[in-house]
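Below is one structure, written out as structure tokens; comments come after it.
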Amino acid sequence: MTALSSRSHNRLLWAGIMGLLLTSSNAIAVDSKTSAFLNTPQWSEVRILSAKGPLIIAALDLNLEQPSNVLVQFTSELVVEQTDGCPCVVSASASMDKGEERMVKSADVGSKALRQIDAFDHDRVSLDGSTVFQAAPGKHTFQVTFLEQQGKSDEVLIHLPNIQVMALPQ
């Protein structure tokens, strides 16, 4: 495959993925050789993170035909309605094949002072990030996990979690 045809292939792949993302109305998970994703476009679909332990947001599979760099990216919004047990620090990590968790990002949420100053009913922050794993040919599972690192809230709400994994052949 020439470099030009490889770029054209990647552009077509991205166009197809974007088309699927834009037309999705429910949570979707796909098993594929080059990409997989989970979309949660409904605000009413909420996950609850508590101080009791980590929460797996998604585990997505890829079956690679060749060595690849695999991009794992995610977006979400954290909401704290009651500041009891906060402020909280929530971290997001990614792993490949249940290996060591790689911390990607953390966010502070549930500050009582922020609610008093800004007079918002809820404290909202985005938690999003990306990382790249090197992967050999074969089946691999990529997992995104959120964990309340600090704080003792039992109700950190996670809205609109979206996760994508994409293989970029080496």
**Message:** Can you pull out every residue in segment 11-61 that is modelled with pLDDT of 80 or more, among the small types (Gly, Ala, Ser) and more than 23 Å from Phe133 (Cα to Cα)?
**Reply:** Ser50, Ala51, Gly53
**Prompt:** Are there any pairs, at least 6 apart or on different chains, whose C-beta atoms fall under 6 Å, with the first in segment 67-95 and more than 30 Å from Ser35 (Cβ to Cβ) and of a type in the set (S, T, N, Q) and the second surrounded by 17 or more Cβ atoms within 10 Å (Cβ to Cβ) and modelled with pLDDT under 95, and if so, which?
**Reply:** Thr83/Gly110
**Asked** Do we have Ala167 as not in a strand (DSSP E or B) and not hydroxyl-bearing (Ser, Thr, Tyr) here?
**Response** no
**Item:** Single unsatisfied condition, Ser91 versus (1) within 21 Å of Glu45 (Cα to Cα); (2) of a type in the set (Gly, Ala, Ser); (3) exposed (fewer than 15 other Cβ atoms within 10 Å of the Cβ)
**Value:** (3)
**Asked** Can you name every residue in segment 158-170 that is within 22 Å of Cys86 (Cα to Cα) and either open to solvent by 20 Å² or more (accessible area, probe 1.4 Å) or basic (Lys, Arg) (or both)?
**Response** Leu160
**Prompt:** Any chance segment 135-158 includes a residue that's part of a strand (DSSP E or B) and aromatic (Phe, Trp, Tyr)?
**Reply:** yes
**Asked** Taking segment 115-132 as the search range and keeping residues that are assigned to a strand (DSSP E or B) and open to solvent by 60 Å² or more (accessible area, probe 1.4 Å), which one is modelled with the lowest pLDDT?
**Response** Arg124
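The values are calculated or read from the model by the stated rules, or taken from the named source; none is laboratory data. Note that the coordinates shown come from a computational prediction; the quantities given were computed from them, not determined experimentally. Cβ: placed from backbone, ideal geometry, glycine included. Neighbour counts: every protein chain shown. Heavy atoms of the whole protein, side chains included, go into the accessibility calculation; ligands, DNA and RNA do not. Shrake-Rupley method; radii C 1.70, N 1.55, O 1.52, S 1.80 Å.
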